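Peer 1: Before we start, here is the structure in question, set down as structure tokens.
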Amino acid sequence: MKIIGLTGGIGSGKSTVLQFFKEIGAKTYIADIEAKKLMNSDEELKFQIIQLFGDKVYNSGAVDRKYLANIVFNDTSKLEKLNKLVHPKVQQHFLNFVKKCNCGIIIYESAILFESGSNKLCDYVITVYADYKTKMERLKLRDGSSEEEIRVRMQHQLNDNYKLAKANFIINNNNIENTKRQVSIIYEILQKTGIE
């Protein structure tokens, strides 16, 4: 079994790339989705988040994402504290997922793969890249966010150059057909490659 980290800046199109890998046979794990689930279901984690942000952070038993985002994206220290609570839980959940998975390749998708230290769980890392203009257009369409809101979110992630330098593979995701070809080639290489 090989664990492949998939990362890239916000708006780079990681979800699209992940879907292509899924279609050709890889098992997939989306760290952000699992983190959201754990924040709503893990009682210890819920207690710790309430201790840190107060009762208003949960609304009818579920995290108020907008309320929380408003706090952490305006206070880096609070974001770091939240990440220190959530990431160990996600990593443990992922390791349990790996134990149960009878498969050759697992793609672990995380926007903050390096920031969370989850790259250490991976045999190889793929960075998805798209140019700034393309990312902006995608995010405006997807979230209805303003350019300023998107810029603030981008500032909370490692820059693309770092992620590109640390990658074993890079997928340039500016053109869908070209992206599909790159996914197929990388998947074929991964199936044949031994882990050193």
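Just so you know, all these numbers are worked out from the coordinates, no wet-lab data involved. Predicted, not measured: the structure shown is a model, and the values here were computed from it. Reconstructed Cβ throughout: ideal geometry from the backbone, glycine too, with neighbour counts over all protein chains shown.
Peer 1: Evaluate E = 1/(1 + (r/R0)^6) for ARG181 and MET1, where r is the Cβ-Cβ distance and R0 equals 30 Å; express this FRET efficiency to the nearest 0.05.
Peer 2: It comes out at approximately 0.75.
Peer 1: Obtain the nm distance between the two label points defined at TYR132 and GLN191 by a simple spin-label model: each point lies 7 Å from its Cα along the Cα-to-C-beta direction.
Peer 2: In this crude label model, TYR132 to GLN191 measures out at 4.0 nm.
Peer 1: Also: Quote to one decimal, in nm, the extra length available between LYS100 and ARG151 on full extension: 0.36 nm per residue of separation minus the C-alpha distance between them.
Peer 2: Once the chain is fully extended between LYS100 and ARG151, it gains 14.5 nm.
Peer 1: Can you give me the long-range amide H partners of PHE73? Hydrogens built in the peptide plane at 1.01 Å from N, cutoff under 5 Å, separation of 5 or more residues or another chain.
Peer 2: Correct list: empty.
Peer 1: Continuing with the same structure: Residue-wise, which Karplus ³J(HN,Hα) couplings in Hz belong to the range 140-156, taking 6.51 cos²θ - 1.76 cosθ + 1.60, θ = phi - 60°, and x for glycine or proline?
Peer 2: With coefficients 6.51, -1.76 and 1.60, one gets 5, 5, 5, 9, x, 7, 7, 4, 5, 4, 5, 4, 4, 5, 4, 5, 8 Hz.
Peer 1: 5 Å is the cut-off here: which amide hydrogens, built 1.01 Å from N in the peptide plane, fall below it relative to THR28, excluding neighbours closer than 5 in sequence?
Peer 2: HN-HN under 5 Å from THR28: ILE107.
Peer 1: Considering only DSSP beta bridges where both residues belong to the chain, give the percentage that are antiparallel (nearest 5).
Peer 2: 10
Peer 1: Quick query: amide H of ILE171 versus all other amide H atoms, modeled in the peptide plane; which residues come in under 5 Å with a sequence gap of 5 or more or a different chain?
Peer 2: Excluding prolines and chain starts, which carry no amide H, the hits are THR127, VAL128, TYR129.
Peer 1: Relative to a virtual label point 7 Å from the Cα of LEU141 in the Cα→beta-carbon direction, which members of the range 10-52 show backbone nitrogen distances below 12 Å?
Peer 2: Label zone hits: 13.
Peer 1: Counting C-alpha atoms alone, how compact is the range 33-102: give Rg to one decimal and Dmax as a whole number, in angstrom.
Peer 2: Cα-based Rg and Dmax for the range 33-102 come out at 12.8, 42 Å.
Peer 1: Oh, and also: Show log10 I(q)/I(0) for the chain at q = 0.08, 0.10, 0.19 Å⁻¹, two decimals, from a solvent-free Debye sum over equal Cα scatterers.
Peer 2: Per q value, in the given order, log10 I(q)/I(0) is -0.28, -0.44, -1.41.
Peer 1: Return the FRET efficiency for the residue pair GLU43, TYR67: r is the Cβ-Cβ distance, R0 is 22 Å, and the value is rounded to the nearest 0.05.
Peer 2: The formula returns an efficiency of 0.65 here.
Peer 1: Once you put a point 7 Å from the Cα of LYS36 and another 7 Å from the Cα of ASN174, both along the Cβ direction, what distance in nm separates them?
Peer 2: 3.0
Peer 1: Ok, one more. Report the full-extension gain for the segment LEU52 to LYS81: residue separation times 0.36 nm, less the Cα-Cα distance, to one decimal in nm.
Peer 2: 9.6 nm
Peer 1: Something else: Tabulate in residue order the Karplus-calculated ³J(HN,Hα) for the range 48-56, using 6.51 cos²θ - 1.76 cosθ + 1.60 with θ = phi - 60°, rounded to whole Hz; enter x for Gly and Pro.
Peer 2: 5, 5, 5, 4, 7, 10, x, 4, 5
Peer 1: Okay, next question. What are the ³J(HN,Hα) couplings of the range 66-81, residue after residue, when phi is run through the Karplus curve with 6.51, -1.76, 1.60 and θ = phi - 60°? Round to Hz, x for glycine and proline.
Peer 2: Each residue's phi maps through the Karplus curve to give 5, 4, 5, 4, 4, 6, 6, 7, 10, 8, 4, 5, 5, 4, 4, 5 Hz.
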